[in-house]
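Throughout, read-outs are computed from the coordinates displayed, never taken from laboratory work. The structure presented is a predicted model; accordingly, all values stated were derived computationally and were not measured. Please note: Cβ atoms are built from the backbone with ideal geometry, for glycine as well, and neighbour counts cover all protein chains shown.
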Amino acid sequence: MSRFMLVKGWLRSGIFFGLFVVGIFVFGMAITLLWPVTTLAQRRALSRRWSRYTRAMLAWTCDLRERVEGLENLPSGPCILLSKHQSAWETVAFLSIFPGCVLVLKESLMWIPVFGWALKATEQIAIDRSQGVAALHRLHEQGLRQVEGGMSVLIFPEGTRSAPGHPGKYNPGGVALALAAGVPIVPVAHNAGLFWARRTFVKKKGVIHVRIGPPIATAGLNRSDRKALMVQVEATIEGMMTTLEGPTVED
């Protein structure tokens, strides 16, 4: 890559970062200040606007967009979305791509001023994975409450971001929640890590490909089926990943 292209990439990403921070502050403060006088649905609608704003700014500054396949696979009612986790992109974009869902996030994010306040105001699910069984109980309790309220729950079963081509260990919490709630599991694959890689500042231009797989039924299954279901979920997501991961599109 030439020096000019490198500088251009840093400049584009710097402009995006500034607009990203502005968006967090404006929308985060709006959600927080309106917390006492708005409904949860209204605050969540504001968070989806922030997600759409961020996606638009990413497209404008870095020429990075997304293509989503398989929206027809989303069930009409609540489900458990189990997604690949490669980037910070999906934690932002999925709020508007999957508008009827709440995210399962690291509890430490709740302590970030403004951003964390907005997460609390929109009742995202926060867990501390270092607590082991206690974290699973918290996910189970809060996840069931969200599903009973008509919301889907989006979980990254790898827990932390994994580099493209290097899948992390899949954790059982999402599958256990789906079994307890009796709702389908929807597998989601994407290649955002090729464009917005973890621990990197520069975003590469191109098209992030998101693929939503057919729902996996849990009706009639019980805890004894959890291991087989875990194998099926991982095989489905990683199988979809093999058709998504490839060369990036660079300017």
Matching residues in region 104-127 - criterion: being over 17 Å from the mean Cα position of the chain (by Cα) and farther than 16 Å from R44 by Cα: W111, I112, P113
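One line per residue, one yes/no per condition, for (1) crowded, with 16+ Cβ neighbours inside 10 Å; (2) in a loop (DSSP other than H, G, I, E, B):
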residue: H85; (1), (2): yes, yes
residue: T91; (1), (2): yes, no
residue: V102; (1), (2): yes, no
residue: L109; (1), (2): no, no
residue: P113; (1), (2): no, yes
residue: G116; (1), (2): yes, no
residue: E123; (1), (2): yes, yes
residue: A126; (1), (2): yes, no
residue: S130; (1), (2): no, no
Tabulated pairs, region 39-62, first over 14 Å from M151 (Cβ atoms), second hydroxyl-bearing (S, T, Y) and crowded, with 17+ Cβ neighbours inside 10 Å, C-beta under 7 angstrom, 6+ apart or interchain: C62/S13
G150 being at positive phi and in a loop (DSSP other than H, G, I, E, B): yes
Criterion (in contact (Cβ under 8 Å) with a residue 24 or more places away in the chain, over 24 Å from M110 (Cβ atoms) and in contact with a Gly (Cβ under 7 Å, 6 or more places away or on another chain)) met by exactly one of G77, G70: G70
Selection within region 178-199 - under 21 Å from V92 (Cα atoms), assigned to a loop (DSSP other than H, G, I, E, B) and in contact (Cβ under 8 Å) with a residue 40 or more places away in the chain: N191, F195, W196, A197, R198
Matching residues, region 31-45, being surrounded by fewer than 18 Cβ atoms within 10 Å (Cβ to Cβ) and part of a helix (DSSP H, G or I): L33, W35, P36, V37, L40, A41, Q42, A45
Checklist (1) under 17 Å from the mean Cα position of the chain (by Cα); (2) farther than 25 Å from Q86 by Cβ; (3) β-branched (V, I, T) applied to V153, failing item: (2)
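On the basis of being in a strand (DSSP E or B) and surrounded by 21 or more Cβ atoms within 10 Å (Cβ to Cβ), does L58 make the cut?
Details: in a strand (DSSP E or B): no; surrounded by 21 or more Cβ atoms within 10 Å (Cβ to Cβ): yes.
No; evaluated as a whole, the condition is false for this residue.
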Residue match in region 156-177 (condition: on the phi < 0 side of the Ramachandran plot, touching an Asp or Glu at 6+ places or on another chain (Cβ under 8 Å) and part of a helix (DSSP H, G or I)): no
